1. Could you derive backbone 3J(HN,Hα) for region A:48-53 from the dihedral phi with the Karplus parameters 6.51, -1.76 and 1.60 (θ = phi - 60°), listing whole Hz in sequence and x where the residue is Gly or Pro?
2. Would you mind checking which residues have amide H under 5 Å from B:M560's amide H? H placed 1.01 Å from N; only 5 or more apart, or other chain.
3. Antiparallel versus total DSSP beta bridges in region A:2-92: what percent is that, nearest 5?
4. Using only Cα atoms, find the angle between the long axis of helix A:34-44 and the longest principal axis of chain A, and express it within 0 to 90 degrees, rounded to the nearest 10.
5. What percent antiparallel are the DSSP beta bridges of region B:49-316, to the nearest 5?
6. Along region B:117-124, what does the Karplus equation 6.51 cos²θ - 1.76 cosθ + 1.60 (θ = phi - 60°) give for ³J(HN,Hα), rounded to whole Hz, x for Gly and Pro?
7. Would you tally the net charge around A:T21, using a Cβ to Cβ cut-off of less than 15 Å, leaving A:T21 out, and scoring K and R as +1, D and E as -1?
8. Around B:V82, which amide H atoms from residues at least 5 apart in sequence, or from another chain, sit under 5 Å from its own amide H, with H modelled in the peptide plane?
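Bear in mind these aren't lab numbers, they're just calculated from the coordinates by the rules spelled out. Note that this is a predicted model, so its numbers are computed, not measured. Counting neighbours? That spans all protein chains shown, and the Cβs are built from the backbone with ideal geometry, glycine included.
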Amino acid sequence: MVAVTIELSGGLEALFGEQKTLKANVPSSGQLTASQLIKWTRDNLVVERADLFVQGNSVRPGILVLINDTDWELCGLLNAEIEDGDTVVFISTLHGG
Amino acid sequence: MDGSQDALVASLRAENQELIRRLASQDSAQQYRSDSTVPQAGLAWEGCGLTGSQVARYSRQLVLPSFGPQAQARLCKGSVLVIGAGGLGSPAVLYLAAGGVGRVGIVDTDALELSNLHRQIAHQEVSVGKHKAASAAVSCRALNSSIQVIAHEQGLLPGNALDLVSAYDVVLDCSDNAPTRYLASDACCIAAKPLVSGAALGMDGQLTTLCVAPAGPCYRCLYPQAPALASCRRCAEAGVLGVAPGIIGTLQALEAIKLLTGVGQPLTSRLLLLDCLSTGFRTIKLRHRQPACIACGPHATITASNLASYDYRAFTGQPFNDAAPPSISLIPAAQRLSVQDLASRMQPASTRPSNQLQPNQQPAAFSRPHVAEPEASNDSMIPISRLPSADFCASGCVAAETVPIGHQQANSCNPLPEGDEGQGAKGFDSASQPSGGVQSSAGPLLLDVRPKEQFAAAHLPGFVNVPYQGPHKPLPAFLLELCHPSQSVNQAPGVSSVLPSLSASEPDARIQNLELGLSQTPKPSDQCEAAGEILVVCRRGNDSQEVVQQLRSLGITGAMDIIGGLTAWSQSVDPSFPIY
């Protein structure tokens, strides 16, 4: 099990029952990747409209993923390793002005 | 005084106010625009290029050690293009003008609406209906007549974007839609202009500075694929707290000032997140410029020569504004009624009872299954078969402890007397707790499917609020019971599967109650059709069509859409009903 704090921002919390922060123990046999975490999150934490969270094997366009406050692009994207105690933030882009 | 005279007086007042403001503005302009003090020969003072009035006006920034006169001089020679004069652009243009940016360009195509004023603070009441770019420019000039302010009323379009951004030193994206955001970024990549991108919605804000050489990402680096339309919420639907864009717009002005003057570090490759609920700011580290980016990468395919022909609508699937979605025509005309038809089916207010419920006031009848007296057709209490469950009623104006229908069915200790239930089964109009209004027992069932906040703000009497959750969520079971008490369980095939409140161990008692109601209800033949009519209203008449379509697909053939919703009601029946 890998203990992960998952945070939602930019309205994405609506897909998670309006929860902004969730603590999760993600089952993992070996190293947990961002790809596995996204799939597990979709299957276990998303309450509604999962298609607005996931597209294909990644997050939907317009969603930024941060691992410990750093863009996952800098950590290996889907292959980024998620370690025990990490915080992963999913942010939906805002367009309002 | 009649309405037309009221309007005339209001119009004259507004005009008078505007003229007074212009006059004052001209007076102040003459006073502050240019330096009237002519240095005397041999005594001329020296400085860093600022005029005497600039030194006086910006003195608090000049004496600031980390800013100083050199930075101020750069600001006064600088120029900023602000795309959008709304919630973000308003504070941004005011601070830029006040701070002394030499030339401020304001891009917008919209006309100002009353519902903009709570956050778009560069505008005044007198400007409602006027062009936002022009209105914001007037405010900027009133604040600082010594700078140049230009209103670009044609908006930012693929055909003019490159020319516009090229004419300024820094660009602020204060827009409200995805196509403009991609266009602004692409144009800034080509013109090599830094772009301060802000966004706000609800209680959230986001800010980052894009296109900063040499390694700063552009908008496409962060979001190479456009988001789905369903992911893009609008202020008009999702709401926005006024200060949320106010804070982000103010920070955009800060970033512009830093970029123009070279003071501080730009917010490049970083994203600032604002959470108004916790008053929390958080800055996260973003990726750098992406080598594969089609706008700013070494092999960019979006160039000066083809930007004008790029189809941003097709790329994003969205228009260049955040206007309300167009009216849809989903269901046949025979399933739709006009607002005039609705008015004719609603009882005049004067004949309705006056026992209005106050917010949070809970009628005793809601705490247990209500038994209406047969003759009490104007009773404010709700018959059991039409009693809405607690979860769809707006807070502050409903009985918070309404017993869900499923629970009532399980309460075998409190069965409903037959005769009374009969009254209840036909007296279904009474279900609007906020108004407590009851209409004739044979009238249509009135459903308002807007979100509870909108219903709580203003609704028509006699309507039950059942917020529509979208096509991805089944209609709530109690709604089906409300609409179709006689057939919802044992006749309509698609309904029972979406009746989660009905416990499998109690169907008999439930059906018995419903059937009791029907068996005891006198139904004159001329009222049968009206009694089965269900009128569905929403804000503009789109959601209501989807609800009618769903109800009809479940066999509820009395469901009718009100064309144009409450917006049409306000336009055609009662102008006092607020359009929002």
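1. In residue order, the calculated couplings are 8, 6, 4, 5, 8, 9 Hz.
2. B:I534, B:L535, B:V536
3. Antiparallel bridges: around 75 percent, rounded to the nearest 5.
4. 70
5. Details: 18 of 37 bridges.
If we restrict to bridges inside region B:49-316, about 50 percent are antiparallel.
6. 5, 5, 10, 9, 7, 7, 10, 10
7. -4
8. The answer is B:G105, B:I106, B:V107, B:L172.
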